[in-house]
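Bear in mind these aren't lab numbers, they're just calculated from the coordinates by the rules spelled out. These numbers were taken from a predicted model, which means no experiment stands behind them. Cβ sites come from the backbone with ideal geometry, for glycine too, and all protein chains shown count toward neighbours.
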């Protein structure tokens with residue numbers, strides 16, 4: 001029962017409404033942005049199944065570059081609530097009534113994904129490029145847009161530590177409102193329990209958490225759900241380490257120093273596509289696939 005997708009979505013809506021009763025989060029969480037519990041078809045399953053993990057959904061999933069105007073019509077990526085009353089009614093809805101929301105999650109990469117973060121289907125860069133090296137893809141039919149060497153034996157979805165959009169980047173919130181982030185992630189154990197149940201629903205064979213900030217957030221605020229793996233290992237490529245040391249509900253977590261959504265920013269000093277694919281192959285080797 002705890003791993004039913006309808007129940008998880010209702011729980012996310014209920015939590016977001018609860019957070020928005022606080023003036024700080026009312027300003028920070030846009031009113032019409034529904035929670036994003038997962039990205040990608042949870043039912044797609046090849047030989048292996050992988051889930052990538054970051055902090056929280058980008059505001060660009062719902063908002064234009066001005067961070068205010070909502071993406072609607074052909075530009076929409078996910079289900080946008082008409083008013084907060086619709087979001088409140090979602091907490092009591094059944095599976096059929098939540099079809100537009102859940103369908104938006106499952107079909108995300110087949111409609112209008114935020115490719116500036118995830119990477120595009122054809123000749124990808126960023127996260128999708130590294131996934132190709134791992135033999136994985138967010139997209140249902142990646143081979144048609146890729147070379148013949150791509151294995152395509154691993155399906156991939158994406159999840160976040162918390163499923164709520166914020167106007168500011170999570171890094172900015174952590175730096176400027178650390179107490180609020182602690183409340184956000186640790187208060188009453190909601191985030192930890194929700195993440196455990198979400199992993200239970202998606203049933204991946206491995207989780208890829210990328211970026212030092214995201215990995216630190218996982219350990220600092222949700223460390224109680226992490227357990228050591230039997231045989232910890234680590235690898236390094238171009239000065240960036242990948243570690244397999246902990247698990248969530250027995251699912252091993254690969255922790256990457258490389259922030260795959262921006263592999264040319266900050267200290268990464270430029271990662272060409274060939275190097276990102278090689279990094280993905282390193283991750284695959286670490287998993288033993």
Could you tell me how many degrees, from 0 to 90 and to the nearest 10, lie between the Cα long axis of helix 190-202 and the main elongation axis, the longest principal axis, of the Cα atoms of the chain? 60 degrees
In Å, what Kirkwood hydrodynamic radius results for segment 184-275 from the alpha-carbon pair distances? 14.2 Å
Distance (nanometres) between label positions extended 7 Å along Cα→Cβ at residue 203 and residue 216: 3.7 nm
Identified option (computed Kirkwood radius over Cα pairs in Å; candidates [x] 19.2; [y] 21.3; [z] 30.6): [x]
By what distance, in whole Å, do the Cα atoms of segment 220-268 stretch along each of the three principal axes, largest value first? 33, 23, 15
Rounded to the nearest whole number, the per residue volume of the convex hull around the C-alpha atoms of segment 146-207 in Å³ is 130 Å³
Using only Cα atoms, tell me the angle between helix 273-287 and the longest principal axis of the chain; keep it within 0 to 90° and round to the nearest 10. 90 degrees
Over segment 207-289, what relative contact order in percent results from Cα pairs under 8 Å that are six or more residues apart? 30 percent
Listed peptides 168-179, 278-289, 50-61 by packing density, highest first (mean Cβ within 10 Å): 50-61, 278-289, 168-179
Could you run the Debye sum over the Cα atoms of segment 97-205, one equal point scatterer each and no solvent, and tell me log10 of I(q)/I(0) at q = 0.10, 0.17, 0.22 Å⁻¹, two decimals? -0.40, -0.99, -1.23
Considering every Cα-Cα pair within segment 95-138, what fraction, in whole percent, is farther apart than 15 Å? 48 percent
